[in-house]
Amino acid sequence: MSEAERLSKRLTQLLPCSRRESELYIEGGWVTVDGKVIEEPQHKVRDEKIELLPGAVAQTLPPVTILLHKPAGIGCGLGANSAMQLLTLANRASDDACGIRPLQRHFQRLDMLTPLETDSSGLVVFSQGRSMIRLFKDDGQTLEHEYLVEVSGQIIEHGLKRIAHGLGYKGTILPPCKVSWQNETRLRFALKAVQPGQLRFMCESVGLQVVSIRRLRIGRLAMAKLPVGQWRYLTQHERF
């Protein structure tokens with residue numbers, strides 16, 4: 001039995017290639033050890049069968065951004081009931097046609113950019129990209145969010161007008177928003193800089209009880225038909 005050594009070192013001997021190239025092949029998910037893809041260059045090997053997959057390229061991996069349809073009842077923290085736990089290969093949407101090869105490292109060092117309250121569902125954005133993180137940090141308050149709110153009860157007279165133009169929340173006057181009936185029990189909101197609890201407060205202020213809240217869109221990007229509990233990659237052509 002041979003002495004254990006780093007996979008990246010062994011690969012340089014087999015191909016041959018530079019140490020950096022071997023690390024890029026491994027990090028890109030192009031190397032198998034006894035038939036299993038290994039993404040860690042420091043993985044120790046002895047006499048296992050090491051292969052480079054067809055089409056392998058030694059290039060730096062770009063950061064990814066992931067769109068998730070968060071179910072109601074799932075939190076946005078770091079616990080066992082967190083939306084982050086849904087980011088697995090098994091939960092990738094079957095119709096995700098972005099062309100990105102899924103890797104385990106895509107689920108590491110992700111920032112949640114658009115948290116939702118636990119009892120709300122809908123579009124949540126995660127990203128590894130510095131430019132994407134900076135966009136939401138610097139300009140996130142200017143992006144319009146669209147919500148579908150299921151309600152019950154009887155709205156007061158001129159209730160929609162009051163929601164759109166006249167409510168105060170936590171000591172400040174809320175900016176104008178767009179709100180309309182989608183049907184007899186559903187309100188569609190389009191507004192910016194949404195605060196936790198704001199939508200529920202707005203509805204209750206005009207006599208309505210909130211049954212459910214679902215975020216449909218952030219900026220120009222809609223959740224569309226992404227199934228509940230599943231995710232997909234943001235493509236290079238999509239913009240918020």
Point to revise | Within the stretch 164-191: backbone nitrogen closer than 12 Å to the VAL211 label point (7 Å, Cα to C-beta) | key: 183-187
Exercise for review: Binning at 10 Å from 0, report for the stretch 144-218 what percent of all alpha-carbon pair distances ends up in each bin.
Suggested key: 20, 61, 19, 0
Review point. In Å, what is the Rg of the alpha-carbon atoms in the stretch 92-148, and how long is Dmax?
Key: 13.4, 33
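Compute the orientation-averaged projected area for the stretch 5-52 from the convex hull of its Cα atoms and round it to one decimal in nm². Could you put the intermediate results ahead of the total?
Working: hull surface 10.3 nm².
The orientation-averaged projected area of the Cα hull of the stretch 5-52 comes to 2.6 nm².
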Practice item. Show which lysines lie in cross-link reach of LYS225 when reach means a straight Cα distance below 16 angstrom and same-chain residues fewer than eight apart are skipped. Key: LYS70
Practice item. Multiply the residue separation of ASN91 and HIS165 by 0.36 nm, subtract the distance between their alpha-carbon atoms, and state the gained length in nm to one decimal. Key: 22.6 nm
Exercise for review: Evaluate the Debye formula for the chain with equal point scatterers sitting on the alpha carbons, no solvent, and hand back log10 of I(q)/I(0) at q = 0.11, 0.14 Å⁻¹, in q order, two decimals.
Suggested key: -0.68, -0.93
Exercise for review: Counting only C-alpha contacts under 8 Å and six or more residues apart, can you give the relative contact order of the chain as a whole percent?
Suggested key: 22 percent
Practice item. Grab the other residues whose beta carbon is less than 14 angstrom from that of VAL37, score K and R as +1, D and E as -1, and report the net. Key: -2
Point to revise | Efficiency of FRET between VAL37 and GLU117 - r from beta-carbon atoms, R0 25 angstrom, step 0.05 | key: 0.10
Review point. For the charge dipole of the chain, defined by +1 on Lys and Arg C-beta atoms and -1 on Asp and Glu C-beta atoms about the Cα centroid, which residue among LEU53, TYR169, LEU199 has the Cα displaced farthest towards the positive pole?
Key: TYR169
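Would you kindly state the longest site-free stretch of the chain, with sites defined as trypsin sites (Lys or Arg not before Pro) in a DSSP loop (not H, G, I, E, B) surrounded by at most 16 other Cβ atoms within 10 Å?
110-169
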Point to revise | Exposure proxy order (Cβ contacts within 10 Å, fewest to most) of HIS158, HIS237, HIS69, HIS145 | key: HIS237, HIS158, HIS145, HIS69
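None of the figures in this text is laboratory data; all of them are computed from the coordinates on show. Quantities reported herein were computed from a predicted structural model and do not represent experimental measurements. We place every Cβ from the backbone using ideal geometry, glycine too, and count neighbours over all the protein chains shown.
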